[in-house]
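**Student:** Structure incoming, see below.
Rule-based calculations on the coordinates, nothing more; no lab input. All figures in this text were calculated on a predicted structure; none of them were measured in a lab. Reconstructed Cβ throughout: ideal geometry from the backbone, glycine too, with neighbour counts over all protein chains shown.
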Amino acid sequence: MSDFSSSLPFEARVMERVFQAGLGKSVHDELRHLTDLHRHIEDYYKNFEAAFQLKESLIAQCRQLAEAISAPVRGGATAGGVEDRIALGAARSRLTLLQRWTAIAFRDSVMTISHFDDALTAFNVQLKESTHLPLSQITAPKAWNKTFVIAFPAQKNARNTVAHEAENYTRPNRRKGNAMKGPFEITGTIKSDGGKVSISRMMTEDSITYSRDGNILESKLDQGAVNALMQCVRQIEDYITAIISVATAGK
């Protein structure tokens with residue numbers, strides 16, 4: 001849509017083209033619904049990206065503070081005066097708070113992925129229910145579904161685990177059922193032989209992990225995950241652009 005006003009949001013550019021082409025009300029309404037759903041999908045992508053940026057900032061602060069805490073320990077100056085011990089205690093408390101904030105960013109990202117998935121489903125349903133758009137003539141692929149599933153294969157289980165964390169890990173029988181009974185590996189760096197280990201909210205710098213029903217549920221919050229969501233958004237835009245091109249051909 002290079003001929004659209006580049007400063008306008010995508011949905012505004014689409015509707016501008018529809019208005020200029022004089023397409024009928026039914027086409028207008030169906031495209032409006034699709035572009036509204038696109039806007040929600042894009043918002044969830046931007047929320048996820050914001051969670052990623054927040055996590056990156058918090059991780060950097062955690063590293064810096066952890067280094068400051070460990071420096072006197074490595075130097076053998078753990079005794080110090082009262083003021084030094086108070087400062088060290090305050091730094092440790094601050095580090096714990098930053099780690100809690102990081103966990104919040106991770107958990108929010110898992111829920112945001114779920115919202116993104118629900119919005120994708122709504123977009124797919126609207127395409128199927130559209131009767132006035134020239135969808136049979138569109139050759140552009142509906143690639144966003146495959147992109148999403150490849151990037152977030154355990155999304156639904158991860159969402160349910162985060163949303164029901166307390167009931168999954170505070171009840172003895174449920175905690176036992178969630179435990180890993182065999183060997184497992186997380187992000188290629190954390191390995192275990194199992195032995196009925198239960199995992200709840202275990203974080204690396206790029207992921208948060210739970211165990212549920214004996215399986216590992218690892219949710220990524222890294223640049224790759226951000227890029228996958230952005231790709232879904234762009235693939236949807238390409239498809240809507242193809243609809244507009246066919247619908248306005250010759251107009």
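**Student:** Calculate one ³J(HN,Hα) per residue across the stretch 26-35 by plugging θ = phi - 60° into the Karplus curve 6.51 cos²θ - 1.76 cosθ + 1.60, and present them in order as whole Hz with x for glycine and proline.
**Tutor:** My calculation for the stretch 26-35 gives 5, 5, 4, 5, 5, 5, 4, 5, 5, 6 Hz in order.
**Student:** Turning to a different aspect of this structure: If the label point is 7 Å along Cα→Cβ of L8, which residues in the stretch 210-244 have backbone nitrogen under 19 Å from it?
**Tutor:** Taking a point 7 Å out along Cα→Cβ of L8, the residues of the stretch 210-244 whose backbone N falls under 19 Å are 237-244.
**Student:** Return a whole-number percent for the relative contact order of the chain, with Cα pairs under 8 Å and 6 or more residues apart as the contact set.
**Tutor:** Averaging sequence separation for qualifying contacts and normalising by length gives 25 percent for the chain.
**Student:** Using θ = phi - 60° and the Karplus relation 6.51 cos²θ - 1.76 cosθ + 1.60, list the HN-Hα couplings for the stretch 40-48 in order, rounded to whole Hz, with x at every Gly or Pro.
**Tutor:** 5, 4, 5, 4, 5, 4, 5, 5, 5
**Student:** For the pair T170 and W101, what calculated FRET efficiency results from E = 1/(1 + (r/R0)^6), where r is the Cβ-Cβ distance and R0 = 25 Å, to the nearest 0.05? Before the final figure, lay out the partial values.
**Tutor:** On the way: r = 23 Å, r/R0 = 0.91.
Here the calculated transfer efficiency is 0.65.
**Student:** Hey, which of these cross-link pairs are over 28 Å Cα-Cα: K176/K220; K25/K146; K55/K128; K146/K176; K46/K142?
**Tutor:** K25/K146; K55/K128; K146/K176
**Student:** For the stretch 141-155, in order, what is each residue's ³J(HN,Hα) by Karplus, 6.51 cos²θ - 1.76 cosθ + 1.60 with θ = phi - 60°, in whole Hz (x at glycine and Pro)?
**Tutor:** x, 8, 7, 4, 5, 5, 4, 5, 5, 5, 6, 9, x, 10, 4
**Student:** Okay, next question. Peptides 102-114, 141-153: what's the order by average Cβ count within 10 Å, highest mean first?
**Tutor:** Working: 102-114: 20.8, 141-153: 15.5.
In descending order of packing, they fall as 102-114, 141-153.
**Student:** Taking R0 as 30 Å, what's the FRET efficiency between A122 and D222 from their Cβ-Cβ distance, rounded to 0.05?
**Tutor:** Efficiency, rounded to the nearest 0.05: 0.70.
**Student:** By how many nm would the segment from I69 to E83 grow when fully extended, if each residue of separation counts as 0.36 nm and the alpha-carbon distance is taken off? Can you show the working numbers first?
**Tutor:** Values: separation 14, 0.36 × 14 = 5.04 nm, distance 1.43 nm.
Gain on extension, I69 to E83, equals 3.6 nm.
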